[in-house]
Amino acid sequence: MKAELRATIDRIAELSHELIVSSKEFNNQDLEEAIEASGIDVRYFVNKNYDGFLKWDTQQNCPIIAVNANQAPVRQRFSMAHELGHLILDWNWIPYSNNNKSFDKDKVLNVTLFRGVKQTPEETKVNEFAAAFLMPDSLLKKITDEVKERKISYAEAIEKIKSIAGVSGVSAGYRFKHYCQEKGLNIVNE
């Protein structure tokens, strides 16, 4: 993915996080409640082949994000953020907006994430959105500054991101490493 596109997606994700989560005094551990407060129904299902999906509820006239109940909470949060990314990036959904009345709900049909399948460019963009939504650049900058000031080590930074963002250590490490690389920071061995 080109750096300019990644930066744009990261900015949209950060603004979305601010609108849906932090400005409403939620945190990522409350992601289900935050998403529901923005006008999206969150539901659970059990199926070993799917992590999550998106569909339109014609009775409630709102989108539904469904996530696998058998997944760990960190994976469920990522799936919620991933499907939210589809709504925002692919379908131009605007949380807390009355402008969604013109939303083409007939096109939102079972946007699914299959694990182990080669990623399409669209899925790569939405995964970038999910990572940036859960771990916004503003959080990473703050933690990067702590590493540069030698207040915490790189390994401690990963643990801090994991704890604050409610994500897996692998996700935190991957996102932080790429953030540092994009910013030209050589703090991996700090």
Between D145 and T124, what is the label-point separation in nm under the 7 Å Cα-to-beta-carbon projection?
3.3
Folded to 0 to 90 degrees: helix 121-134 orientation relative to the chain principal axis, Cα:
70
Would you mind getting me the FRET efficiency between S97 and D30? Use the beta-carbon distance for r and R0 = 25 Å, nearest 0.05.
0.75
Take the eigenvalues of the Cα gyration tensor for the stretch 135-190, scale each by 5, and report the square roots as semi-axes in whole Å, largest first.
15, 12, 10
Report the relative contact order of the chain, percent, no decimals, based on alpha-carbon pairs under 8 angstrom and at least 6 residues apart.
23
Could you sort out which of K48/K142; K151/K177; K125/K162; K2/K151 sit more than 29 Å apart by Cα distance in this structure?
K48/K142; K2/K151
P(r) histogram, all alpha-carbon pairs of the stretch 1-103 included - 5 Å bins from 0, percent:
2, 12, 22, 25, 20, 13, 5, 1, 0
Which whole-number value in Å³ per residue fits the convex hull of the alpha carbons of the chain?
119
On a 0 to 90 degree scale, rounded to 10, what angle separates helix 73-85 from the longest Cα axis of the chain?
60
Gaussian network model of the chain, Cα springs within a sub-10 Å range: biggest mean-square fluctuation belongs to which of F78, F45, F176?
F45
Dipole of the chain, positive end: most advanced residue of A131, Q119, P73 [Cβ charges, Cα centre]
Q119
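The numbers here are math on the coordinates, done by the rules we state, and not lab data. Keep in mind that this is a model prediction, so the values were computed, not measured. Note that each Cβ is placed from the backbone with ideal geometry, even for glycine, and that neighbours are counted across all protein chains shown.
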